[in-house]
Amino acid sequence: MRLIFTPMAQQQTRPRVDTLNDGLFLTLRGINRNAGADMVHMVSLRLWVTPQLVITVHRLRVFVCEDLRAQIAQGNAAPSAARLLAWITENLIDRIEAVSVDLEKQADNLEKRVYDLGTLHAPALAALHRNVIKLRGHIGPVRAAPTDLARTPSPLIPADLRHRLRDNANRPTRSVDEMSEVRDRLHTLTTHLDLTNNNGWGATVTCWRLSLRFSCRLRL
């Protein structure tokens, strides 16, 4: 049992999947929805899964687990440990995608304010840019566990479930690509604002070039 309890009790964790005897040990990550928390930071969820048992361990509140309790209370639980694991993975990723979409919508609104209305509160742009960069950095490692889970040779994972797990593994990759695109858009927006706010420098350069051409004509 020590082989199980030691990784379950670790404070510092990264997404992983390990086969131990007849079970699977997993560390998954999800969005931190706790009150007062930065939602782009992640909470850790550790699981021990056997054919008849799923144990979850988490230091911070994980809302997926609360949703799972509600489903079990309503008699809607998954019919097997493997499908329960797939459900947990999907719901963690659902929440990551929801935050990703929300940040993308915020970027759309900022672009409209700058390009269409000509107004923007600069700190709002800086804060959004930071959140996008942080979320992109956190999502990257998230895909490791679903990928390893889809590939594990463990008999716990039936063949008909592996396609669903592979799709779960691809979804964080798409979110990383989307956050990369939003990050680049916000960088372009920042550059646009910098150029707009430095019009005085642009006028000085133009006058210097005109003066240079005028001087050349005199020499001819």
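The values are calculated or read from the model by the stated rules, or taken from the named source; none is laboratory data. This structure is a prediction, so every number in the text was calculated from the model and none was measured. Because the Cβ atoms are built from the backbone with ideal geometry, glycine has one as well, and the counts that use them run over all protein chains shown.
Key figures for this structure:
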{"read-out": "Selected residue [more than 24 Å from LEU28 (Cα to Cα), within 27 Å of the chain's Cα centre (by Cα) and modelled with pLDDT under 85] from HIS129, HIS187, HIS192", "value": "HIS192"}
{"read-out": "Residue tally, condition surrounded by 15 or more Cβ atoms within 10 Å (Cβ to Cβ), in a helix (DSSP H, G or I) and over 12 Å from the mean Cα position of the chain (by Cα), over region 139-163", "value": "9"}
{"read-out": "Which listed residue is free of Cβ contacts under 8 Å to residues at least 12 places away in the same chain and closer than 19 Å to ARG171 by Cβ, from GLY118, GLY137", "value": "GLY137"}
{"read-out": "Count - residues of region 135-161 that are charged (D, E, K, R) and either modelled with pLDDT of 90 or more or in contact with a Ser or Thr (Cβ under 9 Å, 6 or more places away or on another chain) (or both)", "value": "2"}
{"read-out": "Filter result for the condition that a residue is surrounded by fewer than 16 Cβ atoms within 10 Å (Cβ to Cβ), of a type in the set (A, V, I, L, M, F, W, C) and either more than 30 Å from THR188 (Cα to Cα) or at pLDDT below 85 (or both), over LEU24, LEU92, LEU60", "value": "LEU60"}
{"read-out": "Matching residues, region 97-132, being assigned to a helix (DSSP H, G or I), surrounded by 15 or more Cβ atoms within 10 Å (Cβ to Cβ) and of a type outside the set (D, E, K, R)", "value": "VAL99, SER100, LEU103, GLN106, ALA107, LEU110, VAL114, LEU125, LEU128, HIS129, ASN131, VAL132"}
{"read-out": "Tabulated pairs, region 61-81, first free of Cβ contacts under 8 Å to residues at least 40 places away in the same chain and under 21 Å from ILE96 (Cα atoms), second hydrophobic (A, V, I, L, M, F, W, C) and assigned to a loop (DSSP other than H, G, I, E, B), C-beta under 8 angstrom, 6+ apart or interchain", "value": "LEU68/ALA77; GLN71/ALA77"}
{"read-out": "Subset of region 53-84 [in a loop (DSSP other than H, G, I, E, B) and in contact with a helix residue (DSSP H, G or I) (Cβ under 8 Å, 6 or more places away or on another chain)]", "value": "HIS58, ALA77, ALA78"}
